[in-house]
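Working notes for the structure below.
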């Protein structure tokens, strides 16, 4: 049986159309020959999720996303996906949008709940949830740090502006002069240090001799300390105590008026008699100096005073 050219051409075109439809369905994540359930879920934001993204349960791929569009009220994003027909989890399960990696967009993970009396049916709408991805977590951690860095940069900018205002031409000149003065001071200190080193080197012998004298003096002080420690301090203190007792007795006798010195200190009459006696003795000595011949009756040559008076 021979086919005409037109029939062959028609068969070829139909075959290409069928292949194109099957291929397009496959690329969309669905197959015309597969019997799968279609479910839905609603999200506020589906950035990164595309048609053909994987649907997983506990990491196992069980379906594909087949459509992403607004819902009937244009308030949320309705995601339609297909899963294997043999799965019978509860319609109260969650469809969690997550980021499987840094590259590859987003996927949907089914968090199943198994309730035999509430199994999923074609067209059910599952509860939605969103798990922050690594990029979002990094952004959440970087955002406060970014604010701090911006504040730090603002403070640094203000600081530099203040420094620029302070560091005018006169201030710069003064700072240069101050630095020159500091440099000169350091040079003087270095020079002084060199001079001190020379003095120390030149007087090293004197220093050594002084140290030896100090060492000798320290030894003598040690010997003196040993001598003092060996001295009869106890007997000396005992003698001092005896002497102190005797002095106390003498003072007590003086206070009681015993003895001549006690009477002198306490008896006014005795003091007056001593005073009169001292005056009489002083008068006698004065008269003796004026008239020694009146009291001394002798001559160097053996003559009497009377004969001399007669001759006169």
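Values for this structure:
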{"quantity": "Of the criteria (1) buried (at least 18 other Cβ atoms within 10 Å of the Cβ); (2) touching a residue at least 40 places away in the same chain (Cβ under 8 Å); (3) more than 22 Å from residue 23 (Cβ to Cβ), which one residue 48 fails", "calculated": "(1)"}
{"quantity": "Residues of region 99-111 that turn out to be in contact with a strand residue (DSSP E or B) (Cβ under 8 Å, 6 or more places away or on another chain) and surrounded by fewer than 16 Cβ atoms within 10 Å (Cβ to Cβ), as a count", "calculated": "1"}
{"quantity": "Subset of region 85-112 (residues that are modelled with pLDDT under 90 and under 18 Å from residue 38 (Cα atoms))", "calculated": "85, 86, 87, 88, 89, 90, 91, 92"}
{"quantity": "Among residues of region 77-110, those that are more than 53 Å from the chain's Cα centre (by Cα) and outside any strand (DSSP E or B), counted", "calculated": "8"}
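The values are calculated or read from the model by the stated rules, or taken from the named source; none is laboratory data. All values derive from a computational prediction rather than experimental measurement. Cβ coordinates were reconstructed from backbone atoms using ideal geometry, including for glycine residues, and neighbour counts include every protein chain displayed.
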